[in-house]
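S.K.: Just passing along the structure, written as structure tokens.
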Amino acid sequence: MKLKNKVAIVTGAASGFGEGIVRRFATEGARVLVADIDAKGAARVAKDIGDNGSAIAVTADVSKNNEVKAMIAASVENYGGLDILVNNAGVTHKNSPMLEVDEETFDHIYAVNVKSIYLSAMHAVPVFRAQKHGIIINITSTAGLRPRPGLTWYNGSKGAAITLTKSMAAELAADNIRVNGINPVMGETGLIGKFLPGDDTPENRAKVIAGIPLGRLSTPEDVANACLFLASDEASFITGVCLDVDGGRCI
């Protein structure tokens, strides 16, 4: 098992990519904290993984300092530490012209997609430094590399996440803390209806898929497998990388 006895927190883990990541980590021996603002969803996933202490549900709004602090503390209190932090929780606005996105929505996107990385670092990095090791994986996006019209403010938040990933990696390497990212292409998750221009129809999905050389959308399993590699000892000399999981979209 690649993550035997490791402790991991995955945010936004009640569905989509996050759920795929915690399930994959658990099969590889990790003890996982299933963190999500959706308490019922997090509890469902944790129960499905197992009632033997291998998974714990934690309710957390990653844009709130006190809730992120409590999330990290829950890992230390229940498992004695933290080895892997996956910042997966994210939101977007409906695909639309940039001037039609209101200020409240803009603020929410940057609070969840960007500020959460700051908050989690503020509380997790001291734990990692005390242990002299740690891994952070940020779920970034191809939107931060190849932005397209209709998602301008979301694209910017993911561009920030990519830059933060690289800068954090450079600064934290001396502490034996690795920081990497995953850039998924549009995936089969609950957010797809917002990413697509217009309605979620086979025709609109086909337009997106036409731009992906391998001919399909990403899946939670694709992202989970990439996260597993970056979290494992196989990637012990890899930091500051944002791995494209995009079927060739960014070529």
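The values are calculated or read from the model by the stated rules, or taken from the named source; none is laboratory data. It should be emphasised that the depicted structure is a prediction, and the values quoted were computed from it without experimental measurement. Cβ: placed from backbone, ideal geometry, glycine included. Neighbour counts: every protein chain shown.
S.K.: With under 17 Å from G144 (Cα atoms), modelled with pLDDT of 95 or more and not in a helix (DSSP H, G or I) as the only criterion, which of R249, R178 stands out? So that I can check it myself, show each step before the final result.
M.R.: Numbers: R178 fails: under 17 Å from G144 (Cα atoms).
The conditions single out R249.
S.K.: Here's a follow-up. Using the structure shown, decide if G215 is farther than 25 Å from E28 by Cβ, at pLDDT 95 or above and in contact with a helix residue (DSSP H, G or I) (Cβ under 8 Å, 6 or more places away or on another chain).
M.R.: Details: farther than 25 Å from E28 by Cβ: yes; at pLDDT 95 or above: yes; in contact with a helix residue (DSSP H, G or I) (Cβ under 8 Å, 6 or more places away or on another chain): yes.
When the stated conditions are applied, G215 passes them.
S.K.: Going through the range 210-251 one residue at a time, which ones are within 16 Å of the chain's Cα centre (by Cα), of a type in the set (A, V, I, L, M, F, W, C) and more than 17 Å from G16 (Cβ to Cβ)?
M.R.: Once the filter is applied, which keeps residues that are within 16 Å of the chain's Cα centre (by Cα), of a type in the set (A, V, I, L, M, F, W, C) and more than 17 Å from G16 (Cβ to Cβ), the range 210-251 yields F229, L230, A231, V241, C242, L243.
S.K.: Please count how many residues of the range 189-208 are without any contact (Cβ under 8 Å) to a residue 60 or more places away in the chain and surrounded by 15 or more Cβ atoms within 10 Å (Cβ to Cβ).
M.R.: Residues flagged as without any contact (Cβ under 8 Å) to a residue 60 or more places away in the chain and surrounded by 15 or more Cβ atoms within 10 Å (Cβ to Cβ) within the range 189-208 amount to 4.
S.K.: What number goes with the only condition from (1) at positive phi; (2) of a type outside the set (S, T, N, Q); (3) in contact with a Lys or Arg (Cβ under 9 Å, 6 or more places away or on another chain) that K194 does not pass?
M.R.: Here K194 clears every test but (1).
S.K.: Let me ask something else. Identify, by number, the condition in (1) under 19 Å from the mean Cα position of the chain (by Cα); (2) closer than 25 Å to D102 by Cα that T152 doesn't meet.
M.R.: For T152, the failing item is (1).
S.K.: So, one more: Please specify each residue of the range 54-102 satisfying the condition of being crowded, with 17+ Cβ neighbours inside 10 Å, within 18 Å of R129 (Cβ to Cβ) and among the small types (G, A, S).
M.R.: S75
S.K.: Under 6 Å between Cβ atoms, at least 6 apart or on separate chains: pull out the pairs that start in the range 227-251 with a residue that is aliphatic (A, V, I, L, M) and end on any residue that is in a helix (DSSP H, G or I).
M.R.: Filtered contacts from the range 227-251: L228/R24; A235/F229; L243/A226; V245/D222; V245/V223; V245/A226.
S.K.: Would you mind stating whether T11 is out of contact with any Cys (no Cβ under 8 Å at 6 or more places or on another chain) and surrounded by fewer than 22 Cβ atoms within 10 Å (Cβ to Cβ)? Let's see the steps before the verdict.
M.R.: Numbers: out of contact with any Cys (no Cβ under 8 Å at 6 or more places or on another chain): yes; surrounded by fewer than 22 Cβ atoms within 10 Å (Cβ to Cβ): no.
Criteria not met by T11.
S.K.: Return the total of residues in the range 195-210 being closer than 14 Å to R148 by Cα and either in contact with a strand residue (DSSP E or B) (Cβ under 9 Å, 6 or more places away or on another chain) or part of a helix (DSSP H, G or I) (or both). Even if it seems obvious, please write down each step before you answer.
M.R.: Applying the first criterion (closer than 14 Å to R148 by Cα) to the range 195-210 yields 195-197, 207-208.
Of the ones still in play, those that are also either in contact with a strand residue (DSSP E or B) (Cβ under 9 Å, 6 or more places away or on another chain) or part of a helix (DSSP H, G or I) (or both) are 195, 207-208.
Number satisfying all stated conditions: 3.
S.K.: Go through S54, S120, S75, S96 for me and flag whichever is closer than 17 Å to A160 by Cβ and of a type outside the set (A, V, I, L, M).
M.R.: On the way: S54 fails: closer than 17 Å to A160 by Cβ; S75 fails: closer than 17 Å to A160 by Cβ; S96 fails: closer than 17 Å to A160 by Cβ.
Going through S54, S120, S75, S96 in turn, just one is closer than 17 Å to A160 by Cβ and of a type outside the set (A, V, I, L, M): S120.
S.K.: Also, I was wondering about something else. Please report, ordered by residue number, the helices (runs of 4 or more DSSP H) entirely within the range 2-114 with at least 2 residues that are farther than 29 Å from D246 by Cα and modelled with pLDDT of 95 or more.
M.R.: On the way: elements: 16-27, 39-49, 65-79, 103-110.
Qualifying helices (runs of 4 or more DSSP H): 39-49, 65-79, 103-110.
S.K.: Can I ask one more? Can you find a residue in the range 155-173 that is at pLDDT below 95 and in a helix (DSSP H, G or I)? Step through it out loud before you land on a result.
M.R.: From the range 155-173, those at pLDDT below 95 are none; that's our starting set.
No, the range 155-173 contains no residue that is at pLDDT below 95 and in a helix (DSSP H, G or I).
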